[in-house]
Amino acid sequence: MISRTVLEWRKIRYGDGPEEIPEWAADRIAAVARANPLGGEEGARILQHGRTALRAQQVVGVIAAQDCTLEILPKIDGLGDGDSAASQAQIRRNLVHMLAVALDLNIAAGQMARLGWQDESLLEVLIRLFCDRLFEAVHLGLSRRYVSMEEDIPTLRGRLDIIRQFSTLAASPDRLACRFDELSSDIPLNQIMKAAVARLLQLSRSTHNQRRLRELSFAFADVSDVPVQSLRWNSVILDRTNARWKDLLKLARLLLGERFQTTTSGHGRGFSLLFEMNTLFEEFVGRTLRRALAGTGLQVDLQGGRLHCLAELDVDRALTGRRLFMTKPDIIIRRGSERVMIIDTKWKRLAPSIDDPKQGVSQSDVYQMMAYGRIYQCPDLMLLYPHHDDLKSLAGLQSQHSVVGSEDELFAATLDLSDLKSVALQAGNLVRHQNDLEAGTISA
């Protein structure tokens, strides 16, 4: 079994060495990438399948094909170069932390400490986390619900189905067509858990995870087998009696395919669990800001707004009511109905100002932020990037510009992701400081 790890934007060359990947394995992995919807044309948004090497792009996660697996990890400055097992372990830990925040998963510090960061791939780490949480829930008993049943039995149970009794059973007076409610574990929630256990048992290569998954499969022996594509996610009912299953349901969505990533499986095609870092970074920052600004009077809207750039006019220059080019800023900070800041997150490196006065900020990003400021009547606009050591400065505000012809200001700022415990404080300080400046409670 060939198992390799590479960081985003890096190459892994073909060969038989421990830091290389056999060409046959590269071909199989590239084929799985091409089948993934995130890959775009020829899977090039995930991997570039070159003549001498595979080159990872800005999508991270795990791609598995027959007898081979490739793990793609994000480049996070401050956690080493990603070449050593220790560095890769820390990157995995931070990536799982970002996923937990983005998915609103409650993962205790003790649970994080027990996971095998250094010895297992991202997929195996997530499987182990799922197994641990599922064992805890199953130990307290499977979730059960009353479900409607129909059965033809000798004695009356529940209500008599008059129509079926005098039609289907007209010639069988010894049987009664009964309708009744029965407490059952064969419900959509447990069917999803059973499907997740079955899928992961096929994917896991860890002896520990395989043993745990086999043990869990016995707990769901009386639950129906439902194909993944037929699972009834919208029929799951969560209330105070089964709240412990909430995080497990989110993990099952993650591992079976939902939102940030795309999973594929099939005969000969393999499996992929992939996350687009732009999307993940945006959701992570947005949810982190919600926690950081709780109780301050500031609210955070994610992918909100949805105002249009253009309103159509008729031949008499009167508004027709038709709107064009809807906008969706990543993050809008509000105080009541007032929009005080718009933030767009960018998963790319901000250049040092000494090397580039524009710091690598694209012209299209500036135009987009200027449009947001005008359409949403919001004076403070921020482009937010991950921090890196080449900036030669601390994380936080990196540059500040006035938008010519208006009172709007555009900021470029960074977050240090090497210590995720401090990200909430960093993000909250960026917004609170600028908000205090605008309110006049502090001086610049």
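Here are the numbers:
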| quantity | calculated |
| --- | --- |
| Set Asp314, Asp356, Asp408: member being in contact with a Ser or Thr (Cβ under 7 Å, 6 or more places away or on another chain) and on the phi < 0 side of the Ramachandran plot | Asp314 |
| Answer residue from the range 246-298, given it is of a type in the set (Val, Ile, Thr) and farther than 17 Å from Gln229 by Cα and is modelled with the lowest pLDDT among those | Thr296 |
| Tabulated pairs, the range 20-33, first over 12 Å from Ala53 (Cα atoms) and modelled with pLDDT under 95, second in a loop (DSSP other than H, G, I, E, B) and open to solvent by 60 Å² or more (accessible area, probe 1.4 Å), C-beta under 7 angstrom, 6+ apart or interchain | Arg28/Gln66; Val32/Arg269 |
| Residue under evaluation Gln434, criteria (1) at pLDDT below 90; (2) part of a loop (DSSP other than H, G, I, E, B), criterion not met | (2) |
| Residue satisfying all of: in the range 328-346; part of a loop (DSSP other than H, G, I, E, B) and out of contact with any helix residue (DSSP H, G or I) (no Cβ under 6 Å at 6 or more places or on another chain); surrounded by the fewest Cβ atoms within 10 Å (Cβ to Cβ) among these | Ser337 |
| Residue within the range 307-320 that is over 22 Å from Phe284 (Cβ atoms) and under 26 Å from the mean Cα position of the chain (by Cα) present | yes |
| Residue satisfying all of: in the range 177-204; in contact with a helix residue (DSSP H, G or I) (Cβ under 7 Å, 6 or more places away or on another chain) and outside any helix (DSSP H, G or I); farthest from Leu160 (Cα to Cα) among these | Ser204 |
| Residue count for the range 159-175, restricted to those that are aliphatic (A, V, I, L, M) and either over 53 Å from the mean Cα position of the chain (by Cα) or surrounded by 10 or more Cβ atoms within 10 Å (Cβ to Cβ) (or both) | 4 |
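The values are calculated or read from the model by the stated rules, or taken from the named source; none is laboratory data. These numbers come from a predicted model, not from an experiment. FYI the Cβ positions are ideal-geometry reconstructions off the backbone, even for glycines, and counts take in every protein chain you see. SASA here: full protein model, heavy atoms, side chains in, ligands and nucleic acids out. Shrake-Rupley method; radii C 1.70, N 1.55, O 1.52, S 1.80 Å.
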